[in-house]
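Undergrad: Structure incoming, see below.
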Amino acid sequence: ISTALGLMLVYLITLVAGYRWEVSLVIMLVSLAKAFESISDVFYGLIQQHERMDYIAISLMIKGPVSLLMLGLGIYLSGSLIWGILGLVVSWAAVAFCLDVRNGKSILRNYQRTASDNDLNNLMVSSEPALKLKWDCQKLARLVWLALPLGLGMLLISLNVNIPRYFIERTLGERELGFFAAISYLMVAGNMIVNALGESASPRLAKYYAAGDRRAFDQLLIRLVGIAAMLGGLAVVIAKLAGTQILTIVYQPEYAQYVDLFVWLMVAAGISYVSSFLGYGMTAARYFRIQTPLFLGATAISTIACLYLIPIFELKGAAIALTLSAIIQAVMTFGVIIHALNKIEQYP
């Protein structure tokens, strides 16, 4: 339902925004591809809950090359971006329905079989198919109310990442925005590692917290934060020692003049890695509602910092603003974790 509403909203905005028809069609096709991706995400949640991360890994390993192939082939054969993105839509839909949905059904069938074998009061045992949509409005409403803070939190995280880019474009122009966007994209490599580890550890963290096992929860979260600190520290050292060479090889020689920006972005990335793992711990402890004001505070800090720092320090000011925002987010999230761990002792 939310995916359908999201598509309708995107299409409505596209129609009233006055874009050329080619641009509008590209936006609509990309949103359709993201809709299929959101269906995969729902099944990733089910798969993650049962800790079958191999299913998710296989899905992503297939999805990446196939998407690239279909996108490239469509553009190469037609000379049009539209046909390339249409290939992207087809590939994401095929992965969602031919692989992710099937894996979800397999997990549910195995869970039913295990429940039946163990005679767990016939839990989830029925003659119905393993996957069946049930339109229970009360349950859907409760689910929306439960997940709404997480959705708002993700919206604010996305906004927070892009706020410096809005200020750069308005204050410094599109050319400087291009440099900043390209160099900041190098942060994605670390984010991929952090997200993979965080998604893998989340079910175990949730089980430890639900069981009241503070020691196990602490140990796993501390290991994750330690990994984040090492990743961030390594990224800063590499940027400091070999930043010029990296920017020259990955992009062009003219990017080498932004080594200081590269170092600051790696500092922001390292702190954000720590904050991300703490965020996984906060979500595992089911502290959902606090996330909206927490991320709203981080977004406000980022906005204020960009407003004052970018006109003075230009691109470096944007990186410093990201760093300040990441520090605030990490500190506040750590406070929530401490509160959650104090509450965990109240469980029998």
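Undergrad: With θ taken as phi - 60° and the coefficients 6.51, -1.76 and 1.60, list the Karplus ³J(HN,Hα) couplings across region 39-47 in order, rounded to whole Hz; mark glycine and proline as x.
TA: 3J(HN,Hα) across region 39-47, in whole Hz: 5, 4, 4, 4, 6, 4, x, 4, 5.
Undergrad: Between LEU77 and THR114, 0.36 nm times their residue separation minus their Cα-Cα distance comes to what?
TA: That works out to 8.4 nm of additional length.
Undergrad: Right, another one. Which value, in debye to the nearest 20, describes the size of the charge dipole of the chain about its Cα centre when Lys and Arg Cβ atoms bear +1, Asp and Glu Cβ atoms bear -1, and nothing else is charged?
TA: Roughly 620 debye, rounded to the nearest 20.
Undergrad: Tell me, which longest segment in the chain has none of the chymotrypsin sites (Phe, Trp or Tyr not before Pro) that fall in DSSP loops with at most 14 further Cβ atoms within 10 Å?
TA: With a cap of 14 other Cβ atoms within 10 Å, the longest stretch comes to 136-348.
Undergrad: Hey, what number do you get for the chain at 222 nm if only DSSP H runs of n ≥ 4 count, each worth -39500 (n - 2.57), divided across all residues, to the nearest 500?
TA: It lands at -29000 deg cm²/dmol.
Undergrad: Now, a different point. Which value, in Å² rounded to 10, gives the accessible area of THR303 with a 1.4 Å probe and all protein chains present?
TA: Rounded to the nearest 10, that gives 50 Å².
Undergrad: Using r as the Cβ-Cβ distance of ALA94 and MET8, and R0 as 25 Å, what FRET efficiency do you calculate, to the nearest 0.05?
TA: 0.55
Undergrad: Something else: Whenever you get a sec, line up GLU174, GLU254 from highest to lowest accessible area (probe 1.4 Å, protein heavy atoms).
TA: Solvent-accessible surface, decreasing: GLU174, GLU254.
Undergrad: Shifting gears a bit: Could you tell me which residue out of ALA239, ILE27, ALA285 lies farthest along the dipole of the chain toward its positive end? Charges go on the beta carbon: Lys and Arg +1, Asp and Glu -1, centred on the Cα centre.
TA: With unit charges placed on the Cβ atoms, the residue in question is ALA285.
Undergrad: Just to verify a number: FRET efficiency for MET154 and LEU69, C-beta to C-beta distance, R0 = 41 Å, to 0.05?
TA: Using R0 = 41 Å, I get an efficiency of 0.90.
Undergrad: Could you please put CYS306, CYS98 in sequence from largest to smallest accessible area, using a 1.4 Å probe?
TA: CYS98, CYS306
Undergrad: At each listed q (0.09 Å⁻¹), what is the log10 of I(q)/I(0) that the Debye formula gives for the chain modelled as equal alpha-carbon point scatterers?
TA: With one equal scatterer per Cα and no solvent, log10 I(q)/I(0) is -0.62.
Undergrad: In a GNM of the chain with a 10 Å cut-off on Cα contacts, which of ASP260, ASP100, ASP54 has the highest mean-square fluctuation?
TA: Ranking ASP260, ASP100, ASP54 by mean-square fluctuation puts ASP54 first.
Undergrad: Still on this structure, please answer the following. Show me, for region 138-147, the HN-Hα J-couplings you get by feeding each phi into the Karplus relation (A = 6.51, B = -1.76, C = 1.60, θ = phi - 60°), rounded to Hz, glycine and proline as x.
TA: Karplus values, whole Hz, x for Gly and Pro: 5, 5, 4, 5, 5, 5, 4, 5, 5, 8.
Undergrad: In addition: Under 26 Å between C-alpha atoms is the cut-off here; go through the chain and count lysine pairs that meet it, provided they're at least eight residues apart or on different chains.
TA: 14
Undergrad: Across 10 Å bins from the origin, how do the percents of Cα pairs in region 244-348 run, short distances first?
TA: Spelled out per bin, shortest first, that is 15, 34, 27, 16, 6, 2, 0.
The values are calculated or read from the model by the stated rules, or taken from the named source; none is laboratory data. Note that the structure is a prediction, hence the values are computed from the model and not measured. Methodologically, a virtual Cβ is constructed for each residue, glycine included, from the backbone with ideal geometry; neighbour enumeration extends over all protein chains shown. What goes into the accessible areas is simple: the full protein's heavy atoms, side chains included, and nothing from ligands, DNA or RNA. Shrake-Rupley method; radii C 1.70, N 1.55, O 1.52, S 1.80 Å.
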